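Please read the structure below before turning to the comments.
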Amino acid sequence: MKKPERYISIFIVPHHKGTQKELDFSYSTLRWLGILGAFLLLVILLLVVNYGHIFWRAGQYELMKKRQVEMETQFGRMGEVNAEIARLKAVENKLNAMLGISRQPDTLKLEQITTQVPAATAIAAGGQPSAGLAAESRRTTVPAIMPCKGWISAGMSPGHTGIDIAAREGDPVWAAADGEVSFAGWDNYFGNKIEIKHSDKLNTMYGHNAKLLVKVGDNITQGQVIALVGTTGQSSGPHLHYEVHLNGQAVDPANYLVNK
């Protein structure tokens, strides 16, 4: 025999005159309403947690974006500092050149250089140096002096076949050794250029001059003024481009500077 359904009654009694109302709910109905309410509560809780996580991620994104902007600002300031340092170094180089402050590379002794320049020793037929050759004559056939007063702003490198000496425009350019002028004229890259033949194997070149004071065929001596420092040709500022060639190959001019 089936048990009778149980109910719960709710009476609604108004304070004023009116009809009393009665609501009857079976136990099974209340059970389903409870299940539905729990389900709705769970859904609401999940929505709150999900939206809370979304708002937290949005806050983290804004914080990271703010930090990125701060880092970009700091890197920008570092770039400005590096640019200012480079500018100050350029100013320092110009001041050094204007004041005649020279920063020269290490020099070599005469004996070290003459071993690299056999033409300067005038080897006799028997394979021995000529006894009548004076030390001073050997010395002046080697490009052993700085060709102008200034600061070495660029050394020799695979893409640079000589050295650049920053100097004041109009300063004298000196012949590095005795020899004969083999070229004196215009070059599309080096501007006013001079080449001097010191021996059958040794030559020097002087580029970017403002004015040439010698001509082809002139015999010159070490220390003689041959030109004036300038910025002709492909040049970014007053300086002398100086090269030394041995057997037709460019060699480092710093190796030929001699303590006098």
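The values are calculated or read from the model by the stated rules, or taken from the named source; none is laboratory data. In this text, all values refer to a predicted model and were calculated from it rather than measured experimentally. Virtual Cβ from ideal backbone geometry, glycine too; neighbours counted across all protein chains shown.
Enumerate the pairs (first residue in segment 153-180 and in the same structural domain as THR141 (by TED's automatic domain parsing) and of a type in the set (Lys, Arg); second residue anywhere and assigned to a strand (DSSP E or B) and surrounded by 22 or more Cβ atoms within 10 Å (Cβ to Cβ)) with beta-carbon separation below 7 Å, excluding pairs fewer than 6 apart on the same chain, so at least 6 apart or on different chains. Correct list of pairs: ARG168/VAL229. Do we have any residue at all in segment 197-204 that's more than 16 Å from ILE152 (Cβ to Cβ), within 34 Å of the chain's Cα centre (by Cα) and not hydrophobic (A, V, I, L, M, F, W, C)? Checking segment 197-204: at least one residue is more than 16 Å from ILE152 (Cβ to Cβ), within 34 Å of the chain's Cα centre (by Cα) and not hydrophobic (A, V, I, L, M, F, W, C).
Among the conditions (1) more than 23 Å from the chain's Cα centre (by Cα); (2) crowded, with 16+ Cβ neighbours inside 10 Å; (3) over 25 Å from GLY217 (Cβ atoms); (4) of a type outside the set (A, V, I, L, M, F, W, C), LYS193 misses just one, which is (3). Which one is modelled with the lowest pLDDT among residues in segment 147-185 that are in a loop (DSSP other than H, G, I, E, B) and buried (at least 23 other Cβ atoms within 10 Å of the Cβ)? Only one residue fits best here, namely GLY150.
Taken as a whole, segment 51-67 holds no residue that is aromatic (Phe, Trp, Tyr) and in contact with a Phe, Trp or Tyr (Cβ under 7 Å, 6 or more places away or on another chain).
To keep it simple, each residue is scored yes or no on (1) part of a loop (DSSP other than H, G, I, E, B); (2) buried (at least 16 other Cβ atoms within 10 Å of the Cβ); (3) on the phi < 0 side of the Ramachandran plot.
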site: VAL216; (1), (2), (3): yes, no, yes
site: GLN222; (1), (2), (3): yes, yes, yes
site: LEU228; (1), (2), (3): no, yes, yes
site: GLN234; (1), (2), (3): yes, no, yes
site: LEU240; (1), (2), (3): no, yes, yes
site: GLU243; (1), (2), (3): no, yes, yes
site: ALA254; (1), (2), (3): no, yes, yes
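The requirement of being within 18 Å of VAL142 (Cβ to Cβ), assigned to a strand (DSSP E or B) and touching a Gly at 6+ places or on another chain (Cβ under 8 Å) is not satisfied by TYR206. For segment 211-227, the criterion of being touching a Lys or Arg at 6+ places or on another chain (Cβ under 7 Å), at pLDDT 90 or above and not basic (Lys, Arg) is met by at least one residue.
Looking at the structure I just gave you, is ASN247 touching a Lys or Arg at 6+ places or on another chain (Cβ under 9 Å), of a type in the set (S, T, N, Q) and surrounded by fewer than 15 Cβ atoms within 10 Å (Cβ to Cβ)? Criteria met by ASN247. Here is a check on your reading of the model: is GLY207 touching a residue at least 12 places away in the same chain (Cβ under 8 Å), surrounded by fewer than 15 Cβ atoms within 10 Å (Cβ to Cβ) and of a type outside the set (S, T, N, Q)? No, not satisfied.
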